[in-house]
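Notes follow the structure.
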Amino acid sequence: MKKLLLALLLLLPMLPEVAAGETISQAGYRNRLEGIQERLRANDWVGARTDARGLLEDRIAFGEERVEPDRSVLGPIANAANPEAARASAPALSQLVKALSTRRSEGEPPAPDPKLLEEVRAREALAALPQGGRLPEVQDGGLFAALAGFLEPIAEAISDFFEKIWDWLLDLLFSGRSSGEAGVGLNLVVVTVLVVVLALVLGWVGWRVLRKRRRGAAPAVAGPAPLPPSADDDPLSREANEWERYARELAAAGRAREAIRAWYHAVLVAFYRAGTLHYRRGRTNWEYVSAVPPGTQWRSRFVEMTRHFEREWYGRDRSTPEALCESEEMALSLLSAVRERAA
């Protein structure tokens, strides 16, 4: 009997979760997140852990959709084994609380927080990617400083070569003094001829190098002026194919988080152009999700991509290449569905 009870206890963690929590509103979700935040500030990490575990069992109502709480933020708090582990998730929790918006009245979105918008603009004010295939200008010392650094190893090799030649010439000059004046005169003639030949060879090599560099220098082609960084906030600043190209450029530059946003904007613009969604300033992403009819074939993929984008853009400061690859696959799948429908 004891062995049977022990086996049942070991199997309990492996059983699927059968008890589902309640469905709460967006405002209730934010209020409970703020409660967890207050407990962390008051050093009540045990209470914060308990509240986080309870919140993970609930679901949030976004229109007709029932979505899970953000496990990337609440999971570390719910599984925290000490105060330090719980407080480590406080910055991500603060960002999630700021990102959530509740309506002050039916159909009226709340006014944006000016301070939060200013912080987001400052964080996103990144230099635009260079276009046209040109390298950025060298600031420290200019072109001559860069050229000097590139030719420094060659200059050292030439200097060592001339030192060896000089030592050899000295040995050649002084080696003939023991055999009289004739020997000295002969050595001077040989040395003079060698110096002239060496100067001619070096001059010819230098002329060839300069000529080859002038031939290889192709005129730079001026590319189109890049859009300002503020245009990245507006999905309508580019067409869907332009967002696709921009997402790949951002990925190549190592800016995975911005590339994820570009893929999401490409999907939104494709939906706008196909008439599936209608753009309205101030609408949240989840309001666009709720506008898609429940029977739509690709609706679940759009829900998953929206959840993925919200987690990466609002819940993280930096995205991994794996998250970018997942976002690209979901975006290409949705774009293909929209284009097949249009065809």
- Query: Taking helices (runs of 4 or more DSSP H) that do not extend beyond the range 1-117, which have at least 2 residues that are of a type in the set (S, T, N, Q) and either closer than 22 Å to E312 by Cβ or at pLDDT below 85 (or both)?
  - Reply: 26-41, 90-99
- Task: Starting from the range 251-268, take each residue that is closer than 19 Å to V338 by Cβ and list its partners that are part of a helix (DSSP H, G or I) and open to solvent by 40 Å² or more (accessible area, probe 1.4 Å), counting only C-beta distances under 6 angstrom and pairs at least six apart or across chains.
- Result: W263/E328
- Task: Would you point out the residue of the range 261-316, among those that are among the basic types (K, R) and not in a helix (DSSP H, G or I), that is farthest from S94 (Cα to Cα)?
- Result: R280
- Message: Cβ-Cβ under 7 Å, sequence separation 6+ or interchain: first residue in the range 83-97 and more than 14 Å from S72 (Cβ to Cβ), partner small (G, A, S). Which pairs?
- Response: A86/A48; A86/A80
- Which residue, of R283, R273, is within 22 Å of E304 (Cα to Cα), surrounded by fewer than 17 Cβ atoms within 10 Å (Cβ to Cβ) and either in contact with a strand residue (DSSP E or B) (Cβ under 6 Å, 6 or more places away or on another chain) or at pLDDT below 85 (or both)? R283
- Query: Looking only at the range 52-82, which residues are open to solvent by 50 Å² or more (accessible area, probe 1.4 Å) and either under 28 Å from V289 (Cα atoms) or touching a residue at least 40 places away in the same chain (Cβ under 8 Å) (or both)?
  - Reply: R53, E57, R59, G63, E64, R66, E68, R71, P76
- the range 150-191: number of residues that are at pLDDT 80 or above and of a type in the set (V, I, T): 2
- Residues satisfying the stated conditions in the range 297-343, i.e. open to solvent by 70 Å² or more (accessible area, probe 1.4 Å) and of a type in the set (D, E): E304, D317, E322, E326, E329, E340
- Subset of the range 281-310, residues under 22 Å from A99 (Cβ atoms), among the aromatic types (F, W, Y) and touching a residue at least 24 places away in the same chain (Cβ under 8 Å), comes to W286, F302, F309
- Message: Quick test of your reading of the structure: Y246 fulfils all but one of (1) in contact with an Asp or Glu (Cβ under 9 Å, 6 or more places away or on another chain); (2) crowded, with 20+ Cβ neighbours inside 10 Å; (3) hydroxyl-bearing (S, T, Y); (4) within 22 Å of V67 (Cβ to Cβ). Name the failing condition by number.
- Response: (4)
- Among (1) within 20 Å of W243 (Cα to Cα); (2) surrounded by fewer than 16 Cβ atoms within 10 Å (Cβ to Cβ), which single condition is P294 missing? (1)
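The values are calculated or read from the model by the stated rules, or taken from the named source; none is laboratory data. Quantities reported herein were computed from a predicted structural model and do not represent experimental measurements. Please note: Cβ atoms are built from the backbone with ideal geometry, for glycine as well, and neighbour counts cover all protein chains shown. Note: accessible area is taken over every heavy atom of the protein model, side chains too, but ligands, DNA and RNA are not part of it. Shrake-Rupley method; radii C 1.70, N 1.55, O 1.52, S 1.80 Å.
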